[in-house]
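Encoded as C-alpha cells, the structure appears first; notes follow it.
The values are calculated or read from the model by the stated rules, or taken from the named source; none is laboratory data. Just so you know, these numbers come straight off a predicted model, no measurement behind them. No Cβ is skipped: glycine too gets one built from the backbone with ideal geometry, and neighbour counts run over all protein chains shown. All accessible areas refer to the heavy atoms of the entire protein, side chains included, with ligands and DNA or RNA removed. Shrake-Rupley method; radii C 1.70, N 1.55, O 1.52, S 1.80 Å.
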Amino acid sequence: MPKPTACILCSLNCGLQVETEGSSITRIQGDPDHPFSAGYVCQKALRLDHYQNNVDRLTAPLRRKADGSFEEVSWDVAIREVAARLVEIRDTHGGGALAYYGGGGQGNHLGGIYGGALRAAMGTEYYYNALAQEKTGDFWVNGRLFGRQTCHVAEDIEDAELVLFLGTNPWQSHGIPRARALLKEIAADPERHMVVVDPRRTKTAALADQHLQVRPGTDAFLLAALLATLVTEGLVDQAFLEAHCVGYDAVAAALRDVPVDGYCRRAGIEPEVVRQLARRIAATDKVVVRVDLGLQHSRHSSLNSYLEKLLFLLTGHFGRPGTNTLHSFLLPLIGHSPEADDPKAVKAAVTGMHAISKFLPPNILPAEVLGDHPGRLRALVVDSANPMATGADTAAYRRAFEALDLVVVIDVALSETARQADYVLPASTQLEKWEATFFSLHFPRNGFHLRPPALPPTPGTLPEPEIYRRLLVAMGELPGSFPLLAAVARLDRRLPRLRLFPLALRAALAARPAWRPYAAVVLMETLGQALPAGAKAAAPLWAACHRYVARHAEAVRRAGVEDRGAGLAEALFDEIMTRPSGVVMSEHLFEDTWKMVRHADGKVHLEIPELLGDLAALADELEAPAQDPEFPFNLAAGERRSFNAVSVMRSPAWRRSDVEGALRLHPEDAERLGLAEGARARVTTRAGSVEVPVTLDPGLLPGCASLPHGYGFDYQDEAAGPPGPRINELTSAEHCDPWTRTPLHKTVPARVEALG
Ligand SMILES: Nc1nc2c(c(=O)[nH]1)N[C@H]1C(S)=C(S)[C@@H](COP(=O)(O)OP(=O)(O)OC[C@H]3O[C@@H](n4cnc5c(=O)[nH]c(N)nc54)[C@H](O)[C@@H]3O)O[C@H]1N2
Ligand SMILES: Nc1nc2c(c(=O)[nH]1)N[C@H]1C(S)=C(S)[C@@H](COP(=O)(O)OP(=O)(O)OC[C@H]3O[C@@H](n4cnc5c(=O)[nH]c(N)nc54)[C@H](O)[C@@H]3O)O[C@H]1N2
Ligand code: SF4
Ligand SMILES: [Mo]
C-alpha cells in the first residue's frame, strides 16, 4: 500500500506516495490527492531514499571526548548533561550568552515550534536562521510597505497574462507549484507571456518570450529605469495609488531623477527594450512578479526587494487575479521585529545587528563568538541547519565553533556542523515522524499538509518535539506530565461539544504563568495524548486552527470545511489530522488582500526613506567599479541545479548528472584560459579556493562564472563519489547587504586558472 508523505527537498513540499520495505523506500510517485502539487514531482524527489538511508545517519547521541573523538552515550546521559550545561552557562553569563540556530529546513517545521520553547528556557532571543541570509530584506520591506514583516507576498502565476521572473530559475529551483509543467504551459499558450531577467540564459529564460540578460549585480539600475519610465511616461495606475497607497509623491520625485538611458546601459540592456517593457507592464491587465536569490543574493539586495515590489504596486498589479497578493498563514514562518531604532529591538551584543522577522543573520554569527566582548556568545544549539557548510566563510565558522564553550547539534546526519559539536542528538528523519512545513504561501486557495510517518523510527533516534520536551524537563522548567489536563483533553476529544479543555488550559496557564512560553509542550503532553497514536507533536496545530479561524472564518468555510457542531476551528483541526495528503484550509476572495495589510489606515505605505536614499546613491555607481585584476570574474557562488538540495542530500551517489558540480564558464573565457570541456580548474576568491571540472556554457555573459551550492560534504563513504566544491570556502561575511547583512553570493570576485 503506498503511503502519503511529502518531498522535503524544496519549499514546494510536493505530495508523494511512497512504498516501503523495512527502513527503505522502494517506490516514489507524485500524490495526485495533494491539493497543490496534484501528482507533480521533479527528478529530485525520486531518489529520496538517499536521504533516508546513508552512512552519515545518526543512531545514538554522541558526546565529544577529551581527545576530540566522539563516544556514544544514552539519551538519559545526553539530555541530563546538555540541560545542565545550558543552565550553567545561562545562570553564569545570562541568556545573551546562548543562541539558537535553525529550527526547521526545507521539509520539517513542526519541531521548530518546540525550538521556541527551548529558546525561552535558555533565556535568549538570539535566533539565527537561514532565512536571514536571503529573505530578511524582503521581509523588512514588507514590514514598511504593508505594516508587519509577516505580510508576505504571493504570486498568482497560473492566471497571469505576463509573468516577470527576476533573478530566479524555477525550471531548477521550483518555488512555484508544478514549476516545469507550468512553465511549459505558459510557453505554449499564446495568451500568456514570460519575461526573464537573468545574466544567464537558463532553461527558464530559454522558454520565455523575452530574456533580459542583465549584467550581474545591476538589477537595481534596471528596475530603477523601468520604474522611472512608468512615472515619467504617466504609466502608473493613478486610481489604484489614490485608493490604496500613501507616499507616492516621494517615490515619484526620487524616480524622476533617474537617468534612464545611463542606468539601462549600466545594466547592459538597450534603453528602448526597457521602455517597451515598462509600457507592456502598464498596458497588460494581469501581471505578476516573482523573484528569488538572483535579486536577493545580489548587489543592492534590500533595494532590489523594494524596487521589485514598486513595480507591481505603482502599476496596480496587486490584489487581483493574476497579480501579486498577500496571503494567510496557518502558522507564520516568520515573526515581526521592532526596527533598529526601537528600544525593544533585539540586538546582537557584539555587532549590534538587529533582528528582522525575529531572525539574526548567520553572517554575523562568527563575529558574535570570536573576540573578547563581554556579551559574546558561549553556547549554541543548532537544529536542522548546517552552517558549517551553508554559512558564508567556512573558515570563520570553523574558528567560531572552536571558540564556543558548548555546541549542541540536533540532526539526522553527521553533518559538517555536527562534526564540530560537543553533543549530537540524533533526530528521526522526516519520513519517520509526524511532520509538516509552514511553507503554505498560496493565495487565494491556501492549504496545510500534516503528514504521518511513512516509516518506523530508526532505533536510537527521537523526534525533535520529544527531544525539546526532555530538555525542558531536565532544565527544571516543566514537570514530566500533566495528568489532570491530559484527562480533560481526552474527555473533550470524545465529547467535543463540552469544550472543557480550552477552559482548563487557560486556567492552568493563568495559575502558572511560567509555563506560558512552553505552551506547545503543555499542549503536546495533554491534548497530544488524546490524538491518534504518535501524533502528539501535532497538538499545537489545534491552537493554530483556533487563531486562524478567528481571522479567516469565511475563507475556511469557503474551502468546504464544515462546522459540525463543535466549532469551525475544531472542524479544521480534524480535517488536518485526518487527511494525510493535505487539505485546502482556506479559499480567500481577492479583496481579502486588503484585510491582510496591517497599517492602521489599511494602505500600502510606499515611501521607505532609507531605500530611497540607496536609490539616489545609485548615481554614484553609474561607472561600473573597476575590476580587480586579481579577481576578474564575477562568480555566482550557489546555483540551483538538477541534483543539489542545500545540504539535505549528503551522498554524492544520489546525483544522476553533474556529479562533481562543474564550474560554468563562457567558451571565450575558457579558450583564453586554455580550458576545454571537463578540464580541471582552480577557482580562487579573497576567501579561499576550490578545484573543479569546467563545463562550457555559451548562455553566460563573458567574464561570468557559476558554481553550485549543495556539494562538498564530508560524506563517510568515499566510494559514493567525489564530494564536489565546498562553496562557502569561497565566500566572505563582509560582502553583504548593509541593511540585513545578507551575503551577496551572486557577485563574488574570483579568479579562474587551469590546473595542469
Ligand atoms: N534544485 C534545487 N532547487 C532548490 C534548492 C536547491 O538547493 N536545489 N534550494 C531552494 C532554496 S533554499 C532557494 S532559496 C531557492 C532559490 O532559487 P533561485 O533563486 O531560483 O535559484 P538560484 O539558481 O540560486 O538563482 C536564480 C538565478 O539567479 C541568476 N542570477 C545570478 N546573479 C544574478 C543577478 O545579479 N541578477 C539577476 N537578475 N539574476 C541573477 C542565476 O543565473 C540563476 O539563474 O531554490 C530552492 N530550490
Ligand atoms: N554560498 C552559498 N551558500 C548558501 C546558498 C548559496 O546559494 N550559496 N544558499 C543558502 C540558502 S538560500 C539556504 S536556504 C541555506 C540553507 O542552509 P541551512 O539552513 O543550513 O539548511 P540545510 O542545508 O537545509 O540543512 C539542513 C540540515 O538539516 C538536517 N536535517 C534533515 N532532516 C532533518 C530532520 O528531520 N531533523 C533535523 N533535526 N535535521 C534534519 C540535514 O541533515 C542538514 O544537516 O544555505 C545557504 N547557503
Ligand atoms: S519541486 Fe521541490 S518539493 Fe516538489 S518534488 Fe521537486 S524538490 Fe521535491
Ligand atoms: Mo533558501
Out of the residues in the stretch 520-551 meeting the condition of being among the small types (Gly, Ala, Ser) and more than 16 Å from Ala569 (Cα to Cα), tell me which one is surrounded by the fewest Cβ atoms within 10 Å (Cβ to Cβ).
Ala533
Just give me the residues in the stretch 51-68 being of a type in the set (A, V, I, L, M, F, W, C) and either touching a Gly at 6+ places or on another chain (Cβ under 7 Å) or outside any strand (DSSP E or B) (or both), in sequence order.
Val55, Leu58, Ala60, Ala66
Go through the stretch 367-387 and give me each residue that's in contact with a Phe, Trp or Tyr (Cβ under 7 Å, 6 or more places away or on another chain) and open to solvent by 10 Å² or more (accessible area, probe 1.4 Å).
Ala385
Determine, yes or no, whether Gly247 is surrounded by fewer than 20 Cβ atoms within 10 Å (Cβ to Cβ), away from ligand 3 (no atom under 16 Å from the Cβ) and within 30 Å of His709 (Cα to Cα).
no
Restricting to the stretch 607-622, name every residue that is touching a residue at least 60 places away in the same chain (Cβ under 8 Å) and either open to solvent by less than 70 Å² (accessible area, probe 1.4 Å) or hydrophobic (A, V, I, L, M, F, W, C) (or both).
Ile608, Glu610, Leu611, Leu612, Asp614, Leu615, Ala616, Leu618, Ala619, Glu621, Leu622
Top-ranked residue in the stretch 639-671 [being basic (Lys, Arg) and within 20 Å of Gly294 (Cβ to Cβ); ranked as least open to solvent (accessible area, probe 1.4 Å)]
Arg641
Within the bounds of the stretch 162-170, is there any residue that is without any contact (Cβ under 8 Å) to a residue 60 or more places away in the chain, within 16 Å of ligand 3 (Cβ to nearest atom) and over 24 Å from Val597 (Cβ atoms)?
no
Could you please give the count of residues in the stretch 392-411 that are open to solvent by 20 Å² or more (accessible area, probe 1.4 Å) and touching a residue at least 40 places away in the same chain (Cβ under 8 Å)?
4
Counting only strands (runs of 3 or more DSSP E) entirely within the stretch 97-202, those with at least 2 residues that are of a type outside the set (Val, Ile, Thr) and open to solvent by less than 20 Å² (accessible area, probe 1.4 Å) are 98-102, 162-166
So, of the residues in the stretch 203-235 that are open to solvent by less than 10 Å² (accessible area, probe 1.4 Å) and outside any helix (DSSP H, G or I), which turns out to be farthest from ligand 3 (Cβ to nearest atom)?
Thr218
Ala389 being hydrophobic (A, V, I, L, M, F, W, C), within 16 Å of ligand 1 (Cβ to nearest atom) and not in a loop (DSSP other than H, G, I, E, B):
yes
In the stretch 60-73, is there at least one residue being crowded, with 20+ Cβ neighbours inside 10 Å and within 16 Å of ligand 1 (Cβ to nearest atom)?
no
Within the stretch 1-35, count every residue that is away from ligand 1 (no atom under 13 Å from the Cβ), open to solvent by less than 40 Å² (accessible area, probe 1.4 Å) and in a loop (DSSP other than H, G, I, E, B).
3
Give me a count of the residues in the stretch 127-144 that are in contact with a helix residue (DSSP H, G or I) (Cβ under 7 Å, 6 or more places away or on another chain) and more than 14 Å from Glu339 (Cα to Cα).
8
Pairs with Cβ under 7 Å, 6+ apart, first in the stretch 130-155 and within 16 Å of ligand 3 (Cβ to nearest atom), second of a type in the set (Lys, Arg)
Glu155/Arg290
Going residue by residue through the stretch 270-283, is there one that turns out to be buried (at least 21 other Cβ atoms within 10 Å of the Cβ), part of a loop (DSSP other than H, G, I, E, B) and within 32 Å of the chain's Cα centre (by Cα)?
no
Which members of the stretch 210-259 meet the condition of being of a type in the set (Asp, Glu) and either under 28 Å from Pro625 (Cα atoms) or out of contact with any Lys or Arg (no Cβ under 9 Å at 6 or more places or on another chain) (or both)?
Asp219, Asp237, Glu242, Asp249, Asp257
Which of (1) open to solvent by 60 Å² or more (accessible area, probe 1.4 Å); (2) within 16 Å of ligand 2 (Cβ to nearest atom) does Tyr715 not meet, given it meets every other one?
(1)
Would you check if there is a residue in the stretch 136-145 being more than 20 Å from the chain's Cα centre (by Cα) and aromatic (Phe, Trp, Tyr)?
no
For Pro517: the one exception among (1) part of a helix (DSSP H, G or I); (2) open to solvent by 10 Å² or more (accessible area, probe 1.4 Å); (3) touching a strand residue (DSSP E or B) at 6+ places or on another chain (Cβ under 7 Å); (4) touching a residue at least 60 places away in the same chain (Cβ under 8 Å):
(3)
Yes or no: Ala681 among the small types (Gly, Ala, Ser) and either within 29 Å of Cys10 (Cα to Cα) or in a loop (DSSP other than H, G, I, E, B) (or both)?
no
Among the candidates Ala653, Ala619, Ala624, residue that is outside any loop (DSSP other than H, G, I, E, B) and more than 30 Å from Leu414 (Cβ to Cβ):
Ala619
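Let's see how each residue does on (1) in a loop (DSSP other than H, G, I, E, B); (2) away from ligand 2 (no atom under 12 Å from the Cβ):
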| position | (1), (2) |
| --- | --- |
| Tyr397 | no, no |
| Phe401 | no, yes |
| Leu425 | no, no |
| Thr429 | yes, no |
| Ala454 | yes, yes |
Quick check: is even one residue across the stretch 335-347 within 25 Å of the chain's Cα centre (by Cα), modelled with pLDDT of 95 or more and within 13 Å of ligand 1 (Cβ to nearest atom)?
no
Name the residues in the stretch 728-756 that are at pLDDT 95 or above and more than 25 Å from Met353 (Cα to Cα), would you?
Pro749, Ala750, Arg751, Val752, Glu753, Ala754, Leu755
Filter result for Asn644 (among the polar types (S, T, N, Q), more than 29 Å from Gly322 (Cα to Cα), touching a residue at least 24 places away in the same chain (Cβ under 8 Å) and within 16 Å of ligand 3 (Cβ to nearest atom)):
yes
Only one residue in Glu81, Glu88, Glu71 is assigned to a helix (DSSP H, G or I) and free of Cβ contacts under 8 Å to residues at least 40 places away in the same chain. Which one?
Glu88
Among what's in the stretch 623-638 and is among the aliphatic types (A, V, I, L, M) and over 22 Å from Ala676 (Cα atoms), pick the residue that is surrounded by the most Cβ atoms within 10 Å (Cβ to Cβ).
Ala624
